[in-house]
1. Of everything in the stretch B:235-294, what is among the acidic types (D, E) and assigned to a helix (DSSP H, G or I)? Give them in sequence order.
2. Take A:I207 and decide whether it is touching a residue at least 40 places away in the same chain (Cβ under 8 Å), touching a Ser or Thr at 6+ places or on another chain (Cβ under 7 Å), crowded, with 22+ Cβ neighbours inside 10 Å and not in a loop (DSSP other than H, G, I, E, B).
3. Got a sec? Which of B:E525, B:E470 is under 20 Å from B:T570 (Cα atoms), part of a helix (DSSP H, G or I) and not aliphatic (A, V, I, L, M)?
4. Quick one: would you say A:K200 is basic (K, R) and either over 27 Å from A:V408 (Cα atoms) or buried (at least 19 other Cβ atoms within 10 Å of the Cβ) (or both)?
5. For the stretch A:486-526: of the residues being among the charged types (D, E, K, R) and in contact (Cβ under 8 Å) with a residue 40 or more places away in the chain, which is farthest from A:A566 (Cα to Cα)?
6. Which of the residues that make up the stretch A:402-437 are more than 11 Å from chain B (Cβ to nearest Cβ) and either on the phi > 0 side of the Ramachandran plot or not in a helix (DSSP H, G or I) (or both)?
7. Please find, among A:V179, A:V231, the residue that is over 10 Å from the mean Cα position of the chain (by Cα) and at pLDDT 90 or above.
Amino acid sequence: MYGTGFGCLRWLAEGGAGQDVGRSCILVSIAGKNVMLDCGMHMGFNDDRRFPDFSYITQNGRLTDFLDCVIISHFHLDHCGALPYFSEMVGYDGPIYMTHPTQAICPILLEDYRKIAVDKKGEANFFTSQMIKDCMKKVVAVHLHQTVQVDDELEIKAYYAGHVLGAAMFQIKVGSESVVYTGDYNMTPDRHLGAAWIDKCRPNLLITESTYATTIRDSKRCRERDFLKKVHETVEHGGKVLIPVFALGRAQELCILLETFWERMNLKVPIYFSTGLTEKANHYYKLFIPWTNQKIRKTFVQRNMFEFKHIKAFDRAFADNPGPMVVFATPGMLHAGQSLQIFRKWAGNEKNMVIMPGYCVQGTVGHKILSGQRKLEMEGRQVLEVKMQVEYMSFSAHADAKGIMQLVGQAEPENVLLVHGEAKKMEFLKQKIEQELRVSCYMPANGETVTLPTSLSIPVGISLGLLKREMAQGLLPEAKKPRLLHGTLIMKDSNFRLVSSEQALKELGLAEHQLRFTCRVHLHDTRKEQETALRVYSHLKSILKEHCVQHLPDGSVTVESILIQAAAPSEDPGTKVLLVSWTYQDEELGSFLTSLLKKGLPQAPS
Amino acid sequence: MAAHLKKRVYEEFTKVVQQQQEEIATKKLRLTKPSKSAALHIDLCKATSPADALQYLLQFARKPVEAESVEGVVRILLEHYYKENDPSVRLKIASLLGLLSKTTGFSPDCIMDDAINILQNEKSHQVLAQLLDTLLAIGTKLPENQAIQMRLVDVACQHLTDTSHGVRNKCLQLLGNLGSLEKSVTKDAEGLATRDVQKIIGDYFSDQDPRVRTAAIKAMLQLHERGLKLHQTIYNQACKLLSDDYEQVRSAAVQLIWVVSQLYPESIVPIPSSNEEIRLVDDAFGKICHMVSDGSWVVRVQAAKLLGSMEQVSSHFLEQTLDKKLMSDLRRKRTAHERAKELYSSGEFSSGRKWGDDAPKEEVDTGAVNLIESGACGAFVHGLEDEMYEVRIAAVEALCMLAQSSPSFAEKCLDFLVDMFNDEIEEVRLQSIHTMRKISNNITLREDQLDTVLAVLEDSSRDIREALHELLCCTNVSTKEGIHLALVELLKNLTKYPTDRDSIWKCLKFLGSRHPTLVLPLVPELLSTHPFFDTAEPDMDDPAYIAVLVLIFNAAKTCPTMPALFSDHTFRHYAYLRDSLSHLVPALRLPGRKLVSSAVSPSIISQEDPSQQFLQQSLERVYSLQHLDPQGAQELLEFTIRDLQRLGELQSELAGVADFSATYLRCQLLLIKALQEKLWNVAAPLYLKQSDLASAAAKQIMEETYKMEFMYSGVENKQVVIIHHMRLQAKALQLIVTARTTRGLDPLFGMCEKFLQEVDFFQRYFITDLPHLQDSFVDKLLDLMPRLMTSKPAEVVKILQTTLRQSAFLHLPLPEQIHKASATIIEPAGESDNPLRFTSGLVVALDVDATLEHVQDPQNTVKVQVLYPDGQAQMIHPKPADFRNPGPGRHRLITQVYLSHTAWTEPCQVEVRLLLSYNSSARIPKCPWMEGGEVSPQVETSIEGTIPFSKPVKVYIMPKPARR
């Protein structure tokens, strides 16, 4: 048996702000194939540490020769941000796999990011728009549950992962060995996406994210209800609601949530969405209905839920309009842009409300107001007094500890590898997985390689005739259990076949050799040989009822194919010698017979 | 244009010709019917190729076979079976054998030997499976014959080792349907050892094919369904199957575990990897709970559904299902539910939350946290959050059933149910509101929960709002703030959706009468009275003001101190509302006012028994009628009918019985009147005109009998006989009248024959009831039947006339529960003076909202009729989805009726009413000699007649000519 190694290496967020803002990049070697999973960037750095260190993969030689393919799980920048750099600047020409929605939305995000980095911050040595385009040309889009043959041996298959539109888990399979990489996933459905699902594919290794390794979350219904109630109450009292969001993902969920609530409750208060990036993204959300949840999929024939009836595009001038309104504005942490502008306008009125739907990095306005600061220093020594209500709602789309366990339980892997989380938290989950699921679990540090031995199963072809013959001997219901089988294993041209021995001889052109054992048994018997033979015959006949015992005319006795002859040695007339002879195939019966005969014949009635 | 018209004419012409041809063709088919087996034989012999033979067989299978000729057909089929080489033809023959053996009136034991015989020699797996299926059909047809059952079981066991999953499937199915568990089966079939079927089936739980595994579990379930007690040993086997790779196996295994847990709830099973032991039902509950988070939604639905019916489970296991330990960064966190409860109990309620009040508190011991609970932990939390709404609905239903049986659980699950009011799918929301209503006896809503519940009142869906009103009718509220909140929200609802008026008033009526003490402190505020100043008198027509008054008056009923707080105009308004909305405003004991109705109301309750007695007595008096002289009889009948009608009005619970009997008596009265006419004695031709009364009576009796048969729910066979008998009498009367008024004998021949046929039908349908009809019209008629058959029409009529006069009045036995179907159209109210304007030729949609009481199967029977002023009538069939079922015996029809007409010069009224359609043959058992194939299904289900059962409502409409 061969042992095959998995080399796994990854880079983790080093310090920095977010739990999930690290660079995700994992290299897997499976049965001689090298696959790179995700190609993320770190948002916290502006220098070389931003991108993964690709020189780690091969010191010398081209990446294209070393890597068989690259797989991107979803469009978040910490999972795909380094892709143009990797393919165009470092140089990789092999295939890149991702799902259709990811393929559509990924370039928009990359372009947006590039603009901010290059145009606003003026960075050099960054990828260009053309590079993004060239990079996307190398992408091969896959469907859910479609098995894609990368080459003769390597195949990949995508499973639904929730999290964001188009997020997928990938199964990578070579021969009988397989790895599942989850990317980011969500086990509880939300208003626009379903829950992650995987079949019992029993991979050798499951690589799972563990962002919320030590958290068990409350039901999403309370959160949703709280959110809706707050918005509704504020609007009813004539206040304005500002919801700072990132352009993609949660924004759509909240939109759907508010839209359906408005529809249900028959409300007329306007909802606005800041334009730009979001509009483009919404367009894709409308197109990829099969990737959304049950409700949207079922009702889109009547009305596409992303064709918002109540949500309109926002215009700068609207912020000064009197009366209640709800505005979604980017960016999510209130550090710049439209959301901050609106915030400054509305902060003075206690009727208004700002709802922070996500985490805020230290130093941003969002973080300050969340931690209770009421007086903010803005640029130009202005002091902004915040009178509006500040609310925090966590809408996160990662699986919690229970969800991770559930997924591991669904896939039934042999080994689990935790990535994308903090070491301390992972330690807890690792312990739980080993305790409760009895699956060995690994949590490699950045740049660490884990090697796992696997037991390789070798398929062997068997001829139908032989199979049927052997099947006929056994009973059926225990068919799953291993069974002993007689046959000849032929290894030829690197394939294995199991055939019956006759056929093997015929195929190989060999003559059959017969192996016979003979044995002498001395008996005390004074009678003639014929009589002795007769006695032996009657004795055996009486004992071996299930076998065919014959007395041949020449005085010998046969049991099946075993021959027994009685002879009288010349020197001692009192003893007779029985010659027993059997072939190799009848070894069992033959040895039984000799031991039987050695015990002697029963005393004959004289 | 002309050419086009010409073409049209030709087209139509050719169409007519084609239809005629078709008719001829169908006639031919009927002629060939009798010699079925022979035709089949000839056909099969003619067949040159297997495909041909298959075609013939398929054709043959389309038509049914009479019971007498089944055996012959079977012989021919078997003969061909032996000869046939093609497996597909053999398969078809085998399936035909199965079909034929199901024919009623045919005993299939004669073909069993042959079937088993061909089974032994069959090589094709598919044919084998089909043959086993046939054997199953035979076996189920002969449930009494032990020997055959055992033999079939034996055959099934032999083929269990077949390599094809299809054959094994069928064998297991056979075992499940026919096998028996008892070892002490009579050994009349010697040589066949009785087998332990459960053990044999259990062995196949570990078959290599998932389909066979499923079939094995299904067979086991089948055994259970047939009433055989399964052994507890299979519990462990079934538990292993819960982790099967295939969803259908897991789904079936969940069912099996449920079955075992219901059979042996109290036996003790060990918990693996510990020394503890628990009750089997608890263990099974835990296992099924675990399946609520299965990978396949089919299994999840199945598991969630079954949880609801496990009522014997211990309460702490039950309460675990709602438990979910939250944590954040390894620190224990409280759920939003817990926080809300705490806020509430600390007196501080929804005061705007600070950020971080959900911050995790104490550290969690890492060792103690169980991420995958073995038990029931959080099953419902998962089920209610599931991705698929099917699972969520199933979970809500299960929650409802469990909460109904356990008050403490009901209290706990409240938070979760309230959460479900915000589900994204309306069905789920509706279901959870209904659930809440069902368990509302056990619960009291906290203020924060009430807040969430009331928020849903703004929902744009009418169903949701009405369900919520119903829920509020029977909720317990704990504080006066709660009542106030509810009132405010309901009034808000009223202004937003004025159509909900009635429903809101009704809701407030119950809310008031349930919480008089909570309403009392609110009264001054609600009536805006002031200790010193007189306030303006509110507008009496304001629905919101009426709503407030309804709440207060109903509370005042049981709270005698309340009227002291009323101001003068409130008393005036009370008097007005008591008259105009008497169903919403109760009688109050007001100071200084006489209470008229209070003396009456207690006496009615105590009189319940006497009124029943009165009913019985008056009916008995009538049934002794035949001895009285006709004049007296008529009078007595008239009085009794009047009495009964009045009784029905007074006593709503006896209304059904009273109406039913009154209708019957009215029929009898009409019959007597018709027969008493002096005109009968005079020669026929002279009285053409005058016989109107008799024929009208006959017609009316017919109508009334249809009403009796179809408008009442709970009519039993006993009554149907009497009703049909009455109808037969009416038909006889009709025949006599026609005989006297028509000249010429030709039409009479046909009528006589038809009538005699009907008598014959009557005899056949009600053969078992005939002994009860002593001395009746039919009884006498049947005695005279041989004479009637041979005599001429004139003679028949004469005989009928005398029999009709001499026949006794049949006693109508009263059914246990009888209710008259009724309908009230709520909307359109018919009050509007503004005509509904629309362009002629186009359609206008009219919203119709009606409540139906005691209508069986309203989806098929209730129709809407629109009568236009020009006499044009239109019948509209509402969609099945337009009917809601808010309670037992009650239905609600909310539909849209499309009106259209050509232009009118001025607005006019159309009448809208509801009809109950009936089909008299539907109630009668289908006669076996009428073959299903001959009568097309459309004819069978067609409407025979309609009974209007609601007051018509007039709607003002105005079709305008289209503007050019």
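The values are calculated or read from the model by the stated rules, or taken from the named source; none is laboratory data. Bear in mind that the values here come from a model prediction, so they are computed numbers and not experimental data. Reconstructed Cβ throughout: ideal geometry from the backbone, glycine too, with neighbour counts over all protein chains shown.
1. Answer for the stretch B:235-294, where residues must be among the acidic types (D, E) and assigned to a helix (DSSP H, G or I): B:E247, B:D282, B:D283.
2. yes
3. Residue meeting the stated conditions: B:E525.
4. In short, no.
5. That would be A:R516.
6. Within the stretch A:402-437, A:P413, A:E414, A:N415, A:V416, A:L417, A:L418, A:V419, A:H420, A:G421 qualify.
7. After applying the criteria, what remains is A:V231.
The rows are residues; the columns are (1) touching a residue at least 24 places away in the same chain (Cβ under 8 Å); (2) of a type in the set (D, E).
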site: A:I433; (1), (2): yes, no
site: A:R438; (1), (2): no, no
site: A:P444; (1), (2): yes, no
site: A:E448; (1), (2): yes, yes
site: A:P453; (1), (2): yes, no
site: A:L456; (1), (2): yes, no
site: A:V460; (1), (2): yes, no
site: A:S463; (1), (2): yes, no
site: A:L467; (1), (2): no, no
